[in-house]
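Colleague: Quick one: the structure is below, questions incoming.
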Amino acid sequence: MAPDTTATRFAGVAAGTSAADAVAGRAKIFEMTQAAEDAVLRPKDAGAWPHTLRAALAARIAALNEEHDLAAHFAADAGADATLADPAQGGAVPVMAAVVAFMDRVAADTRHVTADDVKDLQAAGVADADIVRLAELNAFLAYQIRVIAGLRLMGGMPA
Amino acid sequence: MSDVIRKFTRNVPHWRPRVTPVDLATATPEQLDALKVTPSNTKVSEYVLTLAHDVESLAVRSPLFNAIMYDTGGLSRAERELGALGASMVNHCVYCAAVHAMRHAQIEKSTEVTNRLFRDGADAELEPRDRAIFDFAVALSECPSQAGPDHVAALQEAGLDAAEVLDLILSAALFGWANRLMHVLGDPVRQETAMG
């Protein structure tokens, strides 16, 4: 049986389809994908980024990728940081402005990221460990969102 | 900086971090565990030491990476590398593109496909199965994904079954992840510079 994960749920993988069979054949990968989601959204050591902010940024990245149901799912946990789930909103304080500018660029214009994007975060007072945490959150979402987009397309393949 | 490599190459560059990596001497027990540091294995790359700042992600990512790229069955090793390369070319991750073009060439015992891709870009002439695989990986790697039913139909016409299509989705998506670490957190630089 295909494991029930965020990826399979939001891709709409239906039982008895060739997509569900293929996922079942890679069940371990889907279980590890879910564990990776927990590691970026709810780590034990969250550093400077609490769960609500991580959820807001995850929702923001999903929205930039036009995965609106997934964005709403993440935004539900964004609490006090919910405004940042909307890509039209910037950060209210300088450090958050730098964080969302970095996250938007890494998510949506990866090829043009340069050393200056990292320097801007450092100049805003973000510690190196917290820069790595932002990159991991962003990078994981890029993966999960593309697994969802791809799996959804597989729904059209014959069983 | 002039020593940063901007053009695609199969010569794997040195990766120079833009942030300060974890210092092994002051690493926590959790970091040492995720780094798999033992008295007989103290060689850890700067890339992995950088990722050790987020030790929980590092610990789950390594086995996931290996499963997607190397678990048996499904899509061939070389074709998973082609998926990884498609993503890395979209995101312009010179380091990832070098490693996975080199692996593709090693597995295939031929540099022809990667020579063409690096010389002519994404529109390079490829045989139909490689064409369908590469085009799908490129489309899926855009933000938002540009992959559509026509791409999947092309994969099926090229003979991929559902298990192979899933493996391609996973390898291309995985490099959406890897590229956003490698290309964001460091620079690909010439090996001589790194040594000097």
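The values are calculated or read from the model by the stated rules, or taken from the named source; none is laboratory data. As the structure is a computational prediction, the values presented were derived from the model and not from experiment. As a convention, Cβ positions derive from the backbone with ideal geometry for all residues, glycine included, and neighbour counts pool all protein chains shown.
Colleague: What's the number of the only condition in (1) β-branched (Val, Ile, Thr); (2) under 16 Å from the mean Cα position of the chain (by Cα); (3) within 28 Å of B:GLY73 (Cα to Cα); (4) at the interface with chain B (Cβ under 7 Å from one of its Cβ atoms) that A:VAL40 fails to meet?
Modeller: Answer for A:VAL40: the failing condition is (3).
So that you can scan it fast, the table gives a plain yes or no per residue for (1) outside any loop (DSSP other than H, G, I, E, B); (2) out of contact with any Asp or Glu (no Cβ under 8 Å at 6 or more places or on another chain); (3) without any contact (Cβ under 8 Å) to a residue 40 or more places away in the chain:
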{"site": "B:ASN115", "(1), (2), (3)": "yes, yes, yes"}
{"site": "B:SER145", "(1), (2), (3)": "no, yes, yes"}
{"site": "B:ALA153", "(1), (2), (3)": "yes, yes, yes"}
{"site": "B:TRP177", "(1), (2), (3)": "yes, yes, no"}
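Colleague: Got a number for residues in segment B:58-87 being under 14 Å from B:ALA173 (Cβ atoms), assigned to a helix (DSSP H, G or I) and either facing chain A (nearest Cβ under 10 Å) or over 13 Å from the mean Cα position of the chain (by Cα) (or both)?
Modeller: Selection size over segment B:58-87: 6.
Colleague: Which count do you get for residues in segment A:49-67 that are within 13 Å of chain B (Cβ to nearest Cβ) and outside any helix (DSSP H, G or I)?
Modeller: Count: 4.
Colleague: May I pose another question? Kindly state which helices (runs of 4 or more DSSP H) lie completely within segment A:68-159 and contain at least 1 residues that are closer than 26 Å to A:ALA7 by Cβ and either touching a His at 6+ places or on another chain (Cβ under 8 Å) or at the interface with another protein chain (Cβ under 7 Å from one of its Cβ atoms) (or both). Spell out the reasoning first.
Modeller: Working: elements: A:68-75, A:94-108, A:115-123, A:128-154.
In segment A:68-159, A:94-108, A:128-154 are the helices (runs of 4 or more DSSP H) which contain 1 or more residues that are closer than 26 Å to A:ALA7 by Cβ and either touching a His at 6+ places or on another chain (Cβ under 8 Å) or at the interface with another protein chain (Cβ under 7 Å from one of its Cβ atoms) (or both).
Colleague: Out of B:GLU81, B:GLU46, B:GLU108, B:GLU125, which single residue is over 22 Å from A:ALA108 (Cα atoms), in contact (Cβ under 8 Å) with a residue 24 or more places away in the chain and out of contact with any helix residue (DSSP H, G or I) (no Cβ under 6 Å at 6 or more places or on another chain)? First the steps, then the outcome.
Modeller: Numbers: B:GLU81 fails: out of contact with any helix residue (DSSP H, G or I) (no Cβ under 6 Å at 6 or more places or on another chain); B:GLU108 fails: out of contact with any helix residue (DSSP H, G or I) (no Cβ under 6 Å at 6 or more places or on another chain); B:GLU125 fails: in contact (Cβ under 8 Å) with a residue 24 or more places away in the chain.
When all the criteria are applied, what remains is B:GLU46.
Colleague: Restricting to segment B:124-145, give me the number of residues that are over 20 Å from the mean Cα position of the chain (by Cα) and surrounded by fewer than 16 Cβ atoms within 10 Å (Cβ to Cβ).
Modeller: Adding up the residues that qualify gives 3.
Colleague: Here are A:ALA46, A:ALA7: which of them is at pLDDT 95 or above and either in a loop (DSSP other than H, G, I, E, B) or at the interface with chain B (Cβ under 9 Å from one of its Cβ atoms) (or both)? Walk me through it before giving the result.
Modeller: Values: A:ALA7 fails: either in a loop (DSSP other than H, G, I, E, B) or at the interface with chain B (Cβ under 9 Å from one of its Cβ atoms) (or both).
Result of the check over A:ALA46, A:ALA7: A:ALA46.
Colleague: Restricting the search to segment A:1-20, which residues are touching a residue at least 40 places away in the same chain (Cβ under 8 Å) and either among the β-branched types (Val, Ile, Thr) or surrounded by fewer than 20 Cβ atoms within 10 Å (Cβ to Cβ) (or both)? Step through it out loud before you land on a result.
Modeller: At the first step, the residues of segment A:1-20 found to be touching a residue at least 40 places away in the same chain (Cβ under 8 Å) are A:6-8, A:10-14, A:16-19.
If the condition is that a residue be touching a residue at least 40 places away in the same chain (Cβ under 8 Å) and either among the β-branched types (Val, Ile, Thr) or surrounded by fewer than 20 Cβ atoms within 10 Å (Cβ to Cβ) (or both), then A:THR6, A:THR8, A:GLY12, A:VAL13, A:ALA14, A:GLY16, A:THR17, A:SER18 are the ones that fit.
Colleague: May I pose another question? Within the bounds of segment B:110-125, is there any residue that is modelled with pLDDT of 95 or more, under 26 Å from A:VAL23 (Cα atoms) and among the charged types (D, E, K, R)?
Modeller: no
Colleague: Of everything in segment B:179-196 that's farther than 23 Å from A:ALA62 by Cβ and part of a helix (DSSP H, G or I), which residue is modelled with the highest pLDDT?
Modeller: Residues of segment B:179-196 farther than 23 Å from A:ALA62 by Cβ: B:186-196.
Then drop every residue that is not part of a helix (DSSP H, G or I), which leaves B:191-195.
Working: B:GLN191: 80, B:GLU192: 65, B:THR193: 50, B:ALA194: 49, B:MET195: 47.
Checked segment B:179-196; the qualifying residue modelled with the highest pLDDT is B:GLN191.
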